[in-house]
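Remarks on the structure that follows.
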Amino acid sequence: MRLGIVRGHVVLNPAIPELQGKTLVVLEPVTMANLKAKNGLAGGKSLVAVDGLGAAKGQMVAFTEGREAANPFWPKQVPVDAYCTLIIDTITTSNNQQQGSEVKQ
């Protein structure tokens with residue numbers, strides 16, 4: 001699961017029957033540097049995802065990719081590569097990460 005910011009919406013015409021009534025959004029994945037900086041930027045390569053949550057432009061969402069993205073449509077086989085799984089309300093990051101395996105005594 002990754003985090004991304006909704007940058008816009010996509011209209012698919014003609015629609016794939018299994019996707020009728022679903023919204024497609026353009027997501028820009030958030031890099032860890034931008035997440036820690038809390039600057040509102042994303043920085044990743046944009047992608048299109050199915051959004052059944054109703055995320056608005058500018059909102060941060062979590063999304064899954066690959067085979068797991070099609071799980072909400074099971075048992076149908078739907079051509080989906082990314083799916084919005086939740087809308088982020090708040091997020092807290094910590095800069096107290098230990099790097100490497102060295103132990104100082």
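What follows draws every value from the coordinates through simple rules; no lab data is involved. Just so it is clear, the structure is predicted and the values come from calculations on it, not from any experiment. Glycine also receives a Cβ, built like all others from the backbone with ideal geometry; neighbour counts cover every protein chain displayed.
Observations on the structure shown:
- Scanning region 53-79 for residues that are in contact (Cβ under 8 Å) with a residue 40 or more places away in the chain, within 20 Å of Ile5 (Cα to Cα) and surrounded by 13 or more Cβ atoms within 10 Å (Cβ to Cβ) gives Ala55, Gln59, Met60, Val61, Ala62, Phe63, Thr64, Glu65.
- Residues that are surrounded by 17 or more Cβ atoms within 10 Å (Cβ to Cβ) and β-branched (Val, Ile, Thr) were ranked within region 1-52; the one that is nearest to Ala82 (Cα to Cα) is Val50.
- If you check Thr92, Thr64, Thr85 for being among the β-branched types (Val, Ile, Thr) and in a loop (DSSP other than H, G, I, E, B), only one passes: Thr92.
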